[in-house]
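The block underneath contains the structure these notes are about, expressed in structure tokens.
The values are calculated or read from the model by the stated rules, or taken from the named source; none is laboratory data. The shown structure was predicted, so the numbers you read here are calculated from the model rather than taken from an experiment. Here the Cβ positions follow ideal geometry from the backbone for every residue, glycine too, while neighbour counts run over all protein chains shown. Only protein heavy atoms, including side chains, enter the accessible area calculation; ligands, DNA and RNA are left aside. Shrake-Rupley method; radii C 1.70, N 1.55, O 1.52, S 1.80 Å.
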Amino acid sequence: MEILVCVKQVPDTAEVKIDPVKHTVIRAGVPNIFNPFDQNALEAALQMKDADKDVKITLLSMGPDQAKDVLREGLAMGADDAYLLSDRKLGGSDTLATGYALAQAIKKLAADKGIEQFDIILCGKQAIDGDTAQVGPQIAEKLHLPQITYAADIKKDGDTLTVKRMLEDGYMTIKAHTPCLITCIKELNTPRYMSVSGVFECYSKPMTVLDYNALKDHPLIDATTIGLKGSPTNILTSFTPPQKGAGQMLEGNDMATCEKLAGILLEKHII
């Protein structure tokens with residue numbers, strides 16, 4: 001079984017600050033990390049590999065050269081090979097252009113491996129820098145694959161997957177046959193740490209950089225659908241939401257306190 005996991009290097013949002021004048025993200029000095037939800041996706045793949053040694057795991061990321069760091073980390077965790085889609089022509093891609101580029105890269109990787117399609121494509125539910133949760137579903141749409149989002153549990157039985165989806169008000173259980181795409185949430189699992197042997201071995205595992213020409217030559221990619229040209233959306237400004245005011249505390253367990261609380265809630269149209 002061939003599994004592909006999409007991963008992304010993101011700025012540590014706990015360290016991100018907004019320029020109060022320009023209203024842009026200050027990236028200087030902000031460390032980059034492995035997108036946490038993508039780690040959950042990789043862990044799901046690794047657990048399938050633990051249960052079936054014939055499972056092969058491929059990592060794919062799109063970003064600058066420094067994104068090799070998260071790919072190397074994923075290889076150290078147990079993935080088999082990794083690919084970085086990196087080219088200046090891809091710069092400025094919004095989620096639509098990113099989804100298109102990654103889908104085309106996945107087509108190429110499948111062809112290079114001599115398979116029609118990866119059996120399972122796993123993605124984090126969203127990247128913590130953009131929080132759009134759009135790229136995974138867009139990849140599925142471009143590849144004409146069934147998709148299951150917000151996976152909180154995955155059980156594999158041959159080519160059948162039973163997935164428990166988390167919803168706002170409960171859960172939904174869905175069965176799907178491979179090939180399919182699944183996006184993963186943090187409740188799915190606890191990602192493992194890199195092992196010492198894994199760190200040593202990751203440097204001997206293959207990592208390939210794909211540029212625009214690697215996809216264009218097939219041809220699989222259209223220059224008008226990537227980068228800024230292929231991005232119908234753009235960010236006008238970024239800002240820090242205003243802080244909420246201090247809450248009002250009521251103390252007491254008598255009827256008068258309850259009536260006062262009810263009156264406040266009615267005044268604010270909460271009840």
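When only alpha-carbon atoms are used, what values of Rg and Dmax, in angstrom, describe the stretch 56-158?
Calculated on Cα positions, Rg and Dmax stand at 13.8, 42 Å.
Using a 1.4 Å probe on the protein chains only, how many percent of the accessible area of the chain belongs to carbon and sulfur?
53
Note the angle between two axes, namely the Cα long axis of helix 68-77 and the longest principal axis of the Cα atoms of the chain, as a number of degrees from 0 to 90, rounded to the nearest 10.
90
May I ask you to give the average projected area over all directions of the convex hull of the Cα atoms of the chain, in nm² rounded to one decimal? Each step should come with its number before you reach the end.
Working: hull surface 78.5 nm².
With every direction weighted equally, the projected area is 19.6 nm².
For the chain, set up a GNM with springs between Cα atoms under 10 Å and report which of Glu116, Glu43, Glu168 has the largest fluctuation.
Largest GNM mean-square fluctuation: Glu168.
On average, how much accessible surface per residue is there in the chain, in Å², for a 1.4 Å probe, leaving out ligands, DNA and RNA?
Numbers: 15560 Å² over 271 residues.
On a per-residue basis, 57 Å².
Would you kindly work out the equivalent ellipsoid of the stretch 121-213 from its C-alpha gyration tensor and give its semi-axes, the square roots of five times the eigenvalues, largest first in whole Å?
After scaling each eigenvalue by five and taking roots: 26, 19, 16 Å.
Report Lys155's accessible area, 1.4 Å probe, all protein chains in place, as a number in Å² to the nearest 10.
120
Work out from phi, with θ = phi - 60° and the Karplus expression 6.51 cos²θ - 1.76 cosθ + 1.60, the ³J(HN,Hα) of each residue of the stretch 213-218, listed in order in whole Hz, and give x for Gly and Pro.
Values, residue by residue: 5, 5, 8, 5, 5, 6 Hz.
Among Leu84, Pro20, Leu42, flag the residue with its Cα farthest along the positive direction of the charge dipole of the stretch 1-99, charges on Cβ as +1 for Lys/Arg and -1 for Asp/Glu.
Looking along the dipole axis, the top candidate is Pro20.
Calculate I(q)/I(0) for the stretch 165-271 by the Debye formula, one identical point scatterer on each C-alpha and no solvent, and give its log10 at q = 0.10, 0.18, 0.23, 0.24 Å⁻¹ to two decimals.
Debye intensities relative to I(0), on a log10 scale: -0.86, -1.17, -1.15, -1.19.
If one takes the longest principal axis of the Cα atoms in the chain, at what angle in degrees, from 0 to 90 and to the nearest 10, does the Cα axis of helix 36-51 lie?
Value to nearest ten degrees: 50.
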